[in-house]
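The block underneath contains the structure these notes are about, expressed in structure tokens.
Computed from the coordinates by the stated procedures, all read-outs in this text should not be read as laboratory data. Keep in mind the model is a prediction, meaning the values are calculated, not measured. No Cβ is skipped: glycine too gets one built from the backbone with ideal geometry, and neighbour counts run over all protein chains shown.
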Amino acid sequence: MSEWVLETQSISKSYGGVKAVDQVTLRVKKGSVTALIGPNGSGKSTLFNIISGVDKPDSGRILISEKDVTGYPPHKLFQMGVYRTFQNPRLFFGMSVLENTLLTVKSPGDNPLAALLASKWLKHELNIAEQAKEILEMFSLSEVYKNGASEISGGQIKLLQLAMVLMANPRLALLDEPIAGVSPHLVPIIFNALLRIREQGKTLFIIEHRLHELFEVADWVYVMGRGKLIASGKPSDIVSNDMVKEEYLGSSMV
Amino acid sequence: MGIYIILTLSLNLEYGYGGQPNFGQALFYGMGAFMTAILTSNLLFVFAHYPSANICTITSLVQRESIAASNPVATLLAWVISGLVSVLVGALIGFAASYPALRVREEWYLAMVLLVAAQIFTIIFSYDASLGCGFDGIAGISNPFAWLTSTSIPILNSSYAFPSIYAGVIALFAYLCYTLTERLTSSPFGRLLKAVRDDWLAASTLGKNVNAIRAQVMVIGSAMASLAGWLYVYYIGVANTADYTSSFTFSIWVMMILGGYANNRGAIIGALVLTLINELTLVGSTLIQAYIPGFNPSVVNYSKYLLESLLLLILLIYRPKGLLKESRIRTPAYTVFKDGGEEQ
Ligand SMILES: Nc1ncnc2c1ncn2[C@@H]1O[C@H](COP(=O)(O)OP(=O)(O)OP(=O)(O)O)[C@@H](O)[C@H]1O
Ligand SMILES: [Mg+2]
């Protein structure tokens with residue numbers, strides 16, 4: 001087994017004339033927490049879109065545990081163990097917190113023929129429900145489990161996103177700004193939830209603007225600027241890197 | 001009535017749960033109907049050992065009716081086989097119809113494709129007499145229990161017993177379709193359907209094969225619509241393109257919207273309410289005709305659609321989500337929680 005869960009090789013993607021991602025080559029170590037930072041519009045989310053199959057790269061290759069998965073559709077990549085969250089949470093807002101959580105797991109009752117016979121999926125359903133219950137409790141969501149995902153607070157939405165990651169039990173989780181955008185008093189709570197996921201030994205690849213928190217957990221940091229990878233290193237190296245400071249940290253260092 | 005219930009349940013499964021706007025419901029319904037009429041006409045002759053003949057002639061029509069009135073084995077065999085084949089053909093066309101849906105992500109292209117396909121279907125079957133006897137349609141499809149009148153069983157051989165039996169059969173199928181859709185939608189599959197309906201991209205990043213799910217729901221929905229077509233032909237006695245128009249599809253949409261999206265009970269209520277309105281306009285017109293000699297009965301048809309449209313408008317203003325609200329997918333997953341997932 002390779003120690004690299006993810007490798008991208010010279011990934012490029014343009015929108016019209018804009019080079020959103022330009023020749024990005026990077027890799028993510030198994031079991032690590034890897035950070036991806038960079039100013040607004042530097043191409044971070046676009047890179048995640050490409051890794052998760054939501055977008056196709058113009059050129060370059062993607063490898064998951066050494067297997068070339070370039071051009072795979074999102075559901076195939078999920079089956080390969082790639083989970084991603086969206087910067088603007090894309091939950092199923094018409095459905096309950098519990099249903100959202102359960103949707104991250106494949107069920108034998110997903111097949112319409114099996115769905116007709118409860119005996120084919122009931123046991124599995126109860127098992128994953130027990131598991132969901134535990135995870136929702138862990139993330140303080142068990143009070144709202146039957147609420148619609150549109151009826152819970154912004155902070156709870158962030159927590160639900162993370163609960164779903166744990167439920168899905170992926171090989172690699174791509175988290176697009178899991179903390180950003182919540183009120184300050186919730187930051188430590190969500191950060192704790194992230195720590196919880198790391199404790200489970202998951203490989204995390206995280207885009208986040210809240211560097212202070214991020215650098216506490218990250219093993220490795222990649223920095224993007226205008227579509228290009230401009231630096232990489234340990235968090236301690238990155239904070240002292242002049243080029244990074246100039247591009248990014250200078251203005252908004254937390 | 002039961003037939004409308006089946007059609008509304010089918011559309012509600014496709015659109016209410018699956019988000020697939022099927023504007024060609026009449027196509028699947030009509031395909032089932034014509035498949036049934038063509039097969040029945042030919043099979044009756046085979047089973048009753050008649051030489052094969054043109055199914056459109058009056059002679060063959062009379063022969064069909066006489067077989068149906070006297071030969072239970074041939075009649076029931078033809079009935080069952082045409083039903084099975086219709087459902088199968090419906091499922092196949094549903095699968096074919098899901099193909100453009102897989103190509104174009106925008107659901108409303110599917111709506112247009114199916115609307116046009118349904119129009120082409122009625123045009124072809126109306127003008128090409130070799131397929132379905134043209135504008136006259138394929139007539140002489142008797143009630144599958146009409147032969148009871150030729151038996152000596154008391155009560156059952158009366159002239160009102162066999163229509164009641166067949167009405168019971170239709171009700172039974174409607175009940176079966178309700179159970180089927182209820183089971184399908186209160187399962188992990190129902191959860192998937194709604195997920196794909198609400199955000200197919202997010203669903204696909206959760207490992208759901210959106211194309212396969214859309215194809216599955218179209219296959220099931222169109223098989224149900226074809227089943228309804230099969231039941232209807234044996235009820236009304238003729239397969240005629242006039243019964244499978246886009247305005248008919250419109251009525252089914254009104255029934256579904258009236259009842260409420262993604263609610264199977266709502267679908268039944270919608271079908272019942274609209275059928276009631278149709279019956280009332282019919283009764284009303286008969287009364288008017290009785291009192292006003294020069295009254296043009298086709299006004300009724302227009303008034304029916306006018307009423308439907310009016311109802312739809314009122315509904316969209318006051319209850320845009322229909323009479324019953326969308327029901328949650330209630331799998332037993334909720335029971336592992338302390339309060340068992342009871343609604344507050
Ligand atoms: N679908 C799209 N169509 C056109 N342009 C796009 C699209 N997606 C991204 N872009 C452009 O690509 C560039 C990179 O955007 P991206 O969202 O990847 O940045 P980001 O690093 O995630 O920024 P932020 O920190 O604000 O989330 C931007 O210039 C953006 O306008
Ligand atoms: Mg972004």
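A compact table of results
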| quantity | calculated |
| --- | --- |
| Cα-derived Rg to Rh of region B:2-245, Kirkwood definition | 1.04 |
| GNM flexibility winner over chain B from B:E326, B:E279, B:E65 (Cα, springs under 10 Å) | B:E279 |
| Protection proxy ranking, peptides A:207-218, A:47-58, B:153-164, average beta carbon neighbours within 10 Å, highest first | A:47-58, A:207-218, B:153-164 |
| At 0.692 mPa s and 37 °C, Stokes D of region A:138-254 from Kirkwood alpha-carbon radius, µm² per second | 212 µm²/s |
| Under 23 Å between alpha carbons - lysine pairs in chain B that sit 8 or more apart or on different chains | 4 |
| Between helix B:25-47 and chain B: long-axis angle, C-alpha atoms, 0 to 90°, nearest 10 | 40 degrees |
| Over 31 Å [Cα-Cα, the protein assembly as shown], rounded percent | 59 percent |
| Under 5 Å, built H, 5+ apart or other chain: amide partners of A:K228 | A:D22 |
| Estimated FRET transfer efficiency when R0 is 35 angstrom, pair B:I155-B:S130 (beta carbons, to 0.05) | 0.20 |
| Residue mean of other protein chain beta carbons inside 10 Å, A:114-125 | 4 |
| Cα Rg over Rh - region B:48-147, Kirkwood | 1.10 |
| Average beta-carbon neighbours from other chains, 10 Å sphere, peptide A:72-83 | 4 |
| Pairwise centroid distance, computed over Cα atoms, of region A:82-112 with region B:68-91, Å | 43 Å |
| B:E279-A:R171 FRET efficiency (beta carbon distance; Förster radius 51 Å; 0.05 resolution) | 0.25 |
| Number of partner chain Cβ atoms within 10 Å, mean per residue of A:126-138 | 2 |
| Chain B: most fluctuating residue of B:I277, B:I170, B:I38 per GNM, C-alpha cutoff 10 Å | B:I277 |
| Percent RCO, i.e. relative contact order, over region B:176-306, from Cα pairs under 8 Å lying at least 6 residues apart | 13 percent |
| Relative contact order [Cα under 8 Å, 6+ residues apart], chain A, whole percent | 27 percent |
| GNM result for chain A, Cα springs below 10 Å: residue of A:V182, A:V97, A:V82 fluctuating most strongly | A:V182 |
| Packing-based ranking, highest mean first, of B:265-274, A:134-143, B:120-129 given that Cβ atoms within 10 Å are counted | B:265-274, A:134-143, B:120-129 |
| Expected 222 nm ellipticity per residue - DSSP helices of 4 or more, -39500 (n - 2.57), all of chain B, to 500 | -23000 deg cm²/dmol |
| Cβ crowding within 10 Å averaged over residues, with B:175-186, B:17-28, A:14-25 ranked highest first | B:17-28, B:175-186, A:14-25 |
| Label-to-label distance, nm, for residues given as B:Q289 and A:E3 (7 Å Cα→Cβ offset) | 8.8 nm |
| Compactness relative to 2.2 N^0.38 Å, alpha carbon Rg of region A:4-249 | 1.04 |
| Cysteines (scope chain B) whose Cβ has no counterpart Cys Cβ under 4.7 Å | B:C177 |
| For region B:2-245: relative contact order, % (alpha-carbon pairs under 8 angstrom, 6 or more apart) | 42 percent |
| Euclidean distance between Cα centres, region A:146-221 to region B:263-336, Å | 49 Å |
